[in-house]
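Visitor: After the structure tokens below, expect a handful of questions from me.
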Amino acid sequence: MKKHFYFLLMAALVCGLSLSVTSCKDDDKNNDDEDVVFTDGPQDTQDETVAKFWNVVGELVDKDDITDDYKGKTFDPIIGIEDPDNPQARIVYTNSPELAAERFAHLVDIDPQLVTEETPSYIWNDPDIGTMTYTKGDGNTAWATVDVKIPQVPKLEKIIYREPSQGDENGGVKGGKRAYYRFGDIIADTDQNGNDVAYWICVRPAFNPEGKGDSHWISVSPLPQKNLYTWKYENVNKKKKINVKRTYVLPTGLGTYEEHMQNLAELLFAIVHPATWNENVNRYASKPTCMRMFHDFHSNNVKYHNKFFWQNLRNQYYDEKLFEKVFGMSLDDMKQIVDKDGLYLLYNGKTWKSGNAPTLYQAHYFNTPGGANANMQTKKPLSKVTKAVYDKNNPSKDIELDVSTCTMAKPYYINEKFFGDSHPRFIIRHATAAELHRYKNYDNREQLQPYDEVYRYYRENRVAGDTPEITEGNDDWVDD
């Protein structure tokens with residue numbers, strides 16, 4: 001009996017200890033820290049370094065080379081064209097010393113006032129990228145040169161900013177002919193089933209009178225997988241009855257091409273308002289340091305891109321519903337953007353080093369009538385938009401951010417909670433014809449391969465001859 005009592009006593013003690021331990025664990029569970037399964041923000045400490053690197057190097061090499069794991073890799077230059085006298089040098093045809101200095105400032109992402117056409121030399125250095133030294137040219141052989149020392153681009157030693165008359169005749173189109181593509185031409189990239197997956201619009205063609213040998217293209221179509229950054233977030237707190245799982249998808253690896261973002265804005269203005277665009281060029285672009293025409297086209301060449309040309313383009317865009325196809329909106333919708341809201345573009349990609357607030361990069365172009373900033377050439381400084389997208393204590397404040405929701409039918413992105421307004425934003429990609437072409441070696445008198453033609457001006461408008469032409473028309477039918 002005594003032995004049995006002892007056994008029961010010991011059993012009670014063990015049970016008591018067990019209950020005590022269980023109680024302690026239950027108390028621990030009541031603490032939020034133990035009850036929460038919470039995935040904090042991305043911890044990629046190299047994120048900002050990667051963005052900074054490609055913000056510069058992305059303009060020197062092929063768009064397809066952009067990758068987060070670039071260290072230890074090398075890339076071939078594609079900027080401009082190869083100098084026939086030096087395979088380690090690239091020529092960027094530029095029509096003035098002012099724009100040569102500006103192009104360098106944009107390339108290295110510095111204030112344009114730091115380097116002007118009067119600057120004798122400027123050394124730019126970044127330990128994460130390399131060194132570039134700008135030197136003012138003699139005006140006879142070049143406007144300026146840039147000595148390049150970037151480990152990841154070893155085959156590029158020099159950039160030469162010049163116009164064709166300053167040393168060679170490789171600029172422009174061979175034989176003084178007209179190029180295959182013009183402003184506003186559209187090509188389609190297709191998948192293996194023949195479905196359109198991206199449209200590219202020519203925002204600056206090859207053009208012999210300006211010494212331009214390559215064309216530049218912009219796409220606002222949905223991003224391919226390689227340009228999408230995905231991060232999954234989980235917030236579970238049983239005590240607070242929180243069970244949230246989200247997937248954030250942001251743009252990445254897009255690069256910065258300010259010159260051609262501006263060209264896209266001006267192109268849209270010219271199509272929507274052909275007569276006003278033409279009048280503004282005649283009135284303001286011929287004056288020194290005044291309004292520009294597609295960055296560095298000469299205003300005396302406006303006759304080749306006159307209001308009758310733009311009116312033809314506008315009519316055919318309207319008839320073939322090309323605004324709907326490429327931009328997901330009607331001509332009237334585009335006029336609203338051009339006349340009132342301005343054009344919002346997302347470029348470069350994202351940074352999301354840590355925490356709950358990613359950064360997106362934004363450009364905004366709009367029109368200011370009556371001077372240098374007409375023709376949609378008013379721009380706010382390139383900016384960053386940063387905002388917290390989740391709150392672990394109050395998920396009702398969370399912002400969903402997923403640019404993969406863009407479609408071919410609606411390629412623009414709207415997110416009022418993140419941007420603070422409901423304006424559509426187009427996510428842009430840029431490429432030269434040399435980058436787009438299948439063999440990376442492009443003759444500007446031929447069709448780009450392997451793309452389908454959606455619209456080509458010379459296909460729709462049978463123009464005699466094979467040199468740049470002046471479009472004829474009647475003022476009575478120009479709709480502005």
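Visitor: Can you confirm whether the range 203-212 contains a residue that is assigned to a strand (DSSP E or B) and open to solvent by less than 10 Å² (accessible area, probe 1.4 Å)?
Guide: As a first pass, look at the range 203-212 and keep what is assigned to a strand (DSSP E or B): 203-204, 207, 212.
With the extra rule that they be open to solvent by less than 10 Å² (accessible area, probe 1.4 Å), the set shrinks to 203, 212.
Yes, there is a match, as at least one residue in the range 203-212 is assigned to a strand (DSSP E or B) and open to solvent by less than 10 Å² (accessible area, probe 1.4 Å).
Visitor: Looking only at the range 47-54, decide whether some residue is over 27 Å from Asn444 (Cα atoms), open to solvent by 80 Å² or more (accessible area, probe 1.4 Å) and among the charged types (D, E, K, R).
Guide: Looking through the range 47-54, at least one residue is over 27 Å from Asn444 (Cα atoms), open to solvent by 80 Å² or more (accessible area, probe 1.4 Å) and among the charged types (D, E, K, R).
Visitor: Here is a follow-up. Determine the pairs where a residue that is modelled with pLDDT of 95 or more, located within the range 147-160, has a partner that is of a type in the set (D, E, K, R) and in a loop (DSSP other than H, G, I, E, B) with Cβ atoms under 9 Å apart, the partner being 6 or more residues away or on another chain.
Guide: Going by the 9 Å Cβ cut-off, the qualifying pairs are Asp147/Glu157; Val148/Glu157; Lys149/Glu157; Gln152/Lys71; Gln152/Lys73; Val153/Asp76; Lys155/Asp76; Leu156/Asp76.
Visitor: Quick one: what pairs do we get from the range 407-418, first residue without any contact (Cβ under 8 Å) to a residue 60 or more places away in the chain and farther than 17 Å from Gln225 by Cα, second open to solvent by 50 Å² or more (accessible area, probe 1.4 Å) and in a loop (DSSP other than H, G, I, E, B), C-beta under 9 Å, 6+ apart or different chains?
Guide: Hits for this filter: Ile414/Ser422; Asn415/Glu400; Asn415/Ser422; Glu416/Ser422; Lys417/Lys387; Lys417/Glu400; Phe418/Lys387; Phe418/Glu400.
Visitor: Look at Tyr70 and say whether it is more than 16 Å from Val153 (Cα to Cα) and not β-branched (Val, Ile, Thr). Explain how you work it out, then say what you get.
Guide: Details: more than 16 Å from Val153 (Cα to Cα): no; not β-branched (Val, Ile, Thr): yes.
The answer is no for Tyr70.
Visitor: Is it the case, given these coordinates, that Tyr442 is assigned to a loop (DSSP other than H, G, I, E, B), open to solvent by 20 Å² or more (accessible area, probe 1.4 Å) and over 25 Å from Trp310 (Cα atoms)?
Guide: On the way: assigned to a loop (DSSP other than H, G, I, E, B): yes; open to solvent by 20 Å² or more (accessible area, probe 1.4 Å): yes; over 25 Å from Trp310 (Cα atoms): yes.
Answer is yes for this residue.
Visitor: Starting from the range 380-400, take each residue that is over 14 Å from Tyr233 (Cβ atoms) and free of Cβ contacts under 8 Å to residues at least 60 places away in the same chain and list its partners that are of a type in the set (D, E, K, R) and open to solvent by 50 Å² or more (accessible area, probe 1.4 Å), counting only C-beta distances under 9 angstrom and pairs at least six apart or across chains.
Guide: Pairs found: Lys387/Lys417.
Visitor: What number goes with the only condition from (1) more than 26 Å from Arg292 (Cα to Cα); (2) open to solvent by less than 20 Å² (accessible area, probe 1.4 Å); (3) at pLDDT 95 or above; (4) more than 20 Å from the chain's Cα centre (by Cα) that Leu401 does not pass?
Guide: (4)
Visitor: Which of the residues belonging to the range 245-269 are open to solvent by less than 20 Å² (accessible area, probe 1.4 Å) and farther than 30 Å from Val57 by Cα?
Guide: Phe269
Visitor: Follow-up. In the range 57-90, what residues are over 23 Å from Lys212 (Cβ atoms) and open to solvent by less than 40 Å² (accessible area, probe 1.4 Å)?
Guide: Val57, Ile66, Thr67, Tyr70, Phe75
Visitor: Now a separate question. Scan the range 78-89 for residues that are within 26 Å of Phe294 (Cα to Cα) and either part of a loop (DSSP other than H, G, I, E, B) or at pLDDT 95 or above (or both) and report the count. Before you say what the answer is, go through the steps one by one.
Guide: Of the residues in the range 78-89, the ones within 26 Å of Phe294 (Cα to Cα) are 78-83, 89.
Within this subset, residues satisfying the condition of being either part of a loop (DSSP other than H, G, I, E, B) or at pLDDT 95 or above (or both) are 78-80, 89.
So the count comes out to 4.
Visitor: Here's a check for you: in the range 177-195, which residue that is part of a strand (DSSP E or B) and within 13 Å of Pro450 (Cβ to Cβ) is farthest from the chain's Cα centre (by Cα)?
Guide: Of all residues in the range 177-195, those part of a strand (DSSP E or B) come to 186-190.
Still in the list and also within 13 Å of Pro450 (Cβ to Cβ): 187-190.
Details: Ile187: 18, Ala188: 18, Asp189: 18, Thr190: 21 Å.
Out of the qualifying residues, it is Thr190.
Visitor: Another question, if that's okay. Which members of the range 355-384 meet the condition of being among the charged types (D, E, K, R) and surrounded by fewer than 17 Cβ atoms within 10 Å (Cβ to Cβ)? Steps first, answer last, please.
Guide: Of the range 355-384, the ones among the charged types (D, E, K, R) are 379-380, 384.
Residues satisfying the conditions are Lys380, Lys384.
Visitor: Right, something else. Take His305 and tell me if it is over 20 Å from the mean Cα position of the chain (by Cα), open to solvent by 10 Å² or more (accessible area, probe 1.4 Å) and not β-branched (Val, Ile, Thr). Even if it seems obvious, please write down each step before you answer.
Guide: On the way: over 20 Å from the mean Cα position of the chain (by Cα): yes; open to solvent by 10 Å² or more (accessible area, probe 1.4 Å): no; not β-branched (Val, Ile, Thr): yes.
No: the conditions fail for His305.
Visitor: Next question. Tyr93 - would you say it is surrounded by 14 or more Cβ atoms within 10 Å (Cβ to Cβ) and free of Cβ contacts under 8 Å to residues at least 60 places away in the same chain?
Guide: Spelling it out, it is not the case that Tyr93 is surrounded by 14 or more Cβ atoms within 10 Å (Cβ to Cβ) and free of Cβ contacts under 8 Å to residues at least 60 places away in the same chain.
Visitor: For the range 103-110, state whether one or more residues are open to solvent by less than 50 Å² (accessible area, probe 1.4 Å), part of a helix (DSSP H, G or I) and among the β-branched types (Val, Ile, Thr).
Guide: yes
Visitor: Of the residues that sit in the range 90-135 and are touching a Pro at 6+ places or on another chain (Cβ under 7 Å) and small (Gly, Ala, Ser), which one is nearest to Ser299 (Cα to Cα)? Outline the logic, then answer.
Guide: Here is the first cut: in the range 90-135, the ones touching a Pro at 6+ places or on another chain (Cβ under 7 Å) are 90, 93, 102, 105, 117, 130.
Those left that are additionally small (Gly, Ala, Ser): 105, 130.
Details: Ala105: 24, Gly130: 37 Å.
Result: Ala105.
Visitor: Does the range 56-67 hold any residues that are in contact (Cβ under 8 Å) with a residue 60 or more places away in the chain and either farther than 20 Å from Val146 by Cα or charged (D, E, K, R) (or both), and which are they?
Guide: Once the filter is applied, which keeps residues that are in contact (Cβ under 8 Å) with a residue 60 or more places away in the chain and either farther than 20 Å from Val146 by Cα or charged (D, E, K, R) (or both), the range 56-67 yields Glu59, Asp62, Lys63, Asp64, Ile66, Thr67.
Visitor: So which of Glu453, Glu435 ends up being under 23 Å from Asn208 (Cβ atoms) and not in a helix (DSSP H, G or I)? Can you show your working first?
Guide: On the way: Glu435 fails: not in a helix (DSSP H, G or I).
Going through Glu453, Glu435 in turn, the sole match is Glu453.
Visitor: Return the residues of the range 111-134 that are aliphatic (A, V, I, L, M) and either open to solvent by 20 Å² or more (accessible area, probe 1.4 Å) or part of a helix (DSSP H, G or I) (or both); say none if nothing qualifies.
Guide: Of all residues in the range 111-134, those aliphatic (A, V, I, L, M) come to 114-115, 123, 129, 132.
Residues satisfying the conditions are Leu114, Ile123.
Visitor: Whether any residue in the range 311-326 is of a type in the set (A, V, I, L, M, F, W, C), assigned to a loop (DSSP other than H, G, I, E, B) and in contact with a Phe, Trp or Tyr (Cβ under 9 Å, 6 or more places away or on another chain) is what I want to check. It would help to see each step written out before you state the result.
Guide: From the range 311-326, those of a type in the set (A, V, I, L, M, F, W, C) are 313, 322-323, 326; that's our starting set.
Subset that is assigned to a loop (DSSP other than H, G, I, E, B): none.
Taking every residue of the range 311-326 in turn, none turns out to be of a type in the set (A, V, I, L, M, F, W, C), assigned to a loop (DSSP other than H, G, I, E, B) and in contact with a Phe, Trp or Tyr (Cβ under 9 Å, 6 or more places away or on another chain).
The values are calculated or read from the model by the stated rules, or taken from the named source; none is laboratory data. Given the structure is predicted, the values throughout are model-derived calculations rather than measurements. Cβ sites come from the backbone with ideal geometry, for glycine too, and all protein chains shown count toward neighbours. Only protein heavy atoms, including side chains, enter the accessible area calculation; ligands, DNA and RNA are left aside. Shrake-Rupley method; radii C 1.70, N 1.55, O 1.52, S 1.80 Å.
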